[in-house]
1. Looking at Pro145 and the list (1) open to solvent by 10 Å² or more (accessible area, probe 1.4 Å); (2) at pLDDT 95 or above; (3) part of a loop (DSSP other than H, G, I, E, B), which single condition is not satisfied?
2. Every residue in segment 183-207 that is under 16 Å from Ala273 (Cα atoms) and modelled with pLDDT of 95 or more, please.
3. Before we move on, is Glu274 open to solvent by 30 Å² or more (accessible area, probe 1.4 Å) and touching a Phe, Trp or Tyr at 6+ places or on another chain (Cβ under 6 Å)?
4. How about segment 155-178: which of its residues are open to solvent by 30 Å² or more (accessible area, probe 1.4 Å) and under 29 Å from Lys226 (Cα atoms)?
5. Cβ-Cβ under 8 Å, sequence separation 6+ or interchain: first residue in segment 220-237 and more than 21 Å from Ser267 (Cα to Cα) and without any contact (Cβ under 8 Å) to a residue 12 or more places away in the chain, partner open to solvent by 10 Å² or more (accessible area, probe 1.4 Å) and part of a strand (DSSP E or B). Which pairs?
6. Among the residues of segment 142-158, which ones are of a type in the set (Lys, Arg) and within 10 Å of the ligand (Cβ to nearest atom)?
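The values are calculated or read from the model by the stated rules, or taken from the named source; none is laboratory data. Values in this document were obtained by computation on a predicted structure and should not be read as measured data. Cβ placement follows ideal geometry from the backbone for every residue including glycine, while neighbour counts extend to all protein chains displayed. Each accessible area value is taken on the protein alone, full model and side chains, heavy atoms only, with ligands, DNA and RNA left out. Shrake-Rupley method; radii C 1.70, N 1.55, O 1.52, S 1.80 Å.
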Amino acid sequence: MIEVGLRIDVDTLRGTRQGVPELHEILARESIKASFFFSVGPDNMGRHLWRLLKPTFLLKMLRTQAASLYGWDILLRGTFWPGPLIGKHCAAVIRETEAAGHEIGLHAWDHQQWQNRIDKFTPDTLDIVIKRGYDALKEIIGKPPTCFAAPAWRITDDGLKILSRFPFSYVSNCRGNSIFRPQTADKITDDPLHIEIPTTLPTYDEIIGQQCDSESYNNYLLDLIKPDQLNVLTIHAEVEGIFCHELFADFLHQARSRDITFKPLGSLLPKAAEIPPGSIRKITQPGREGWIAAQQ
Ligand SMILES: [Zn+2]
């Protein structure tokens, strides 16, 4: 049997409202529990998408048909008016996720802001935005979220240090191939940094139209899942929960016949205290705009 950690990023109001309930159903059919990482503050993702109107992004729009992938309402959201608070509008969906036995983590207060401005965040700003998201999610589910996953795989040394002040049992901030204890470049921290469980597999928008088409997508991705390695897959409520939910349901079904099972990331944490140290650097990833953080 091959175990895969399943990380579900929820970035938008529409993803929370529409994508998450759809994913609940798909996962329940296969008796799968996963880790849901929620964005609970304003949905300004439309602003983010328009700001990215650069040649590489335009190519990606054409390649992945972003308008149909995200929906025009998401592309426009936050462009002309402040985005609605996701946690306020979708508290019931988030509570249902918790009640269904999935692991609940924090993704962001404001996904768009983190994704575009993390490089410029001061430690104080980092503390404010993480605390805002942490408190809001805690209020919704009635207990503290146990884990954190950085929007768009963007994290900095200051970000790692501020996250260590919050009682998460692990974080999932970068791409990589093994579970490790991150170290900042200066190796100076007040609290030990949280254990990192990196995403190991590519996302839908990174490989569709490149290495594979929607016909071959599931087989291509399943072939990348192997025994004797860490397997962590990140999906998005906006994509696998809405735009290609049938494809994803078929993916899970095929995985079962290959003896592949899916788990919340937290259940991949090793029992032994010995976790090797590692560092994180910025890389660019084919099919993805700008930088992402990766295990060195
Ligand atoms: Zn995200």
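1. Tallying (1) open to solvent by 10 Å² or more (accessible area, probe 1.4 Å); (2) at pLDDT 95 or above; (3) part of a loop (DSSP other than H, G, I, E, B), Pro145 fails exactly one: (1).
2. Once the filter is applied, which keeps residues that are under 16 Å from Ala273 (Cα atoms) and modelled with pLDDT of 95 or more, segment 183-207 yields His194, Ile195, Glu196, Ile197.
3. Against the criterion (open to solvent by 30 Å² or more (accessible area, probe 1.4 Å) and touching a Phe, Trp or Tyr at 6+ places or on another chain (Cβ under 6 Å)), Glu274 does not qualify.
4. Correct list: Ser169, Asn177, Ser178.
5. Every condition considered, no pair remains.
6. Once the filter is applied, which keeps residues that are of a type in the set (Lys, Arg) and within 10 Å of the ligand (Cβ to nearest atom), segment 142-158 yields only Arg154.
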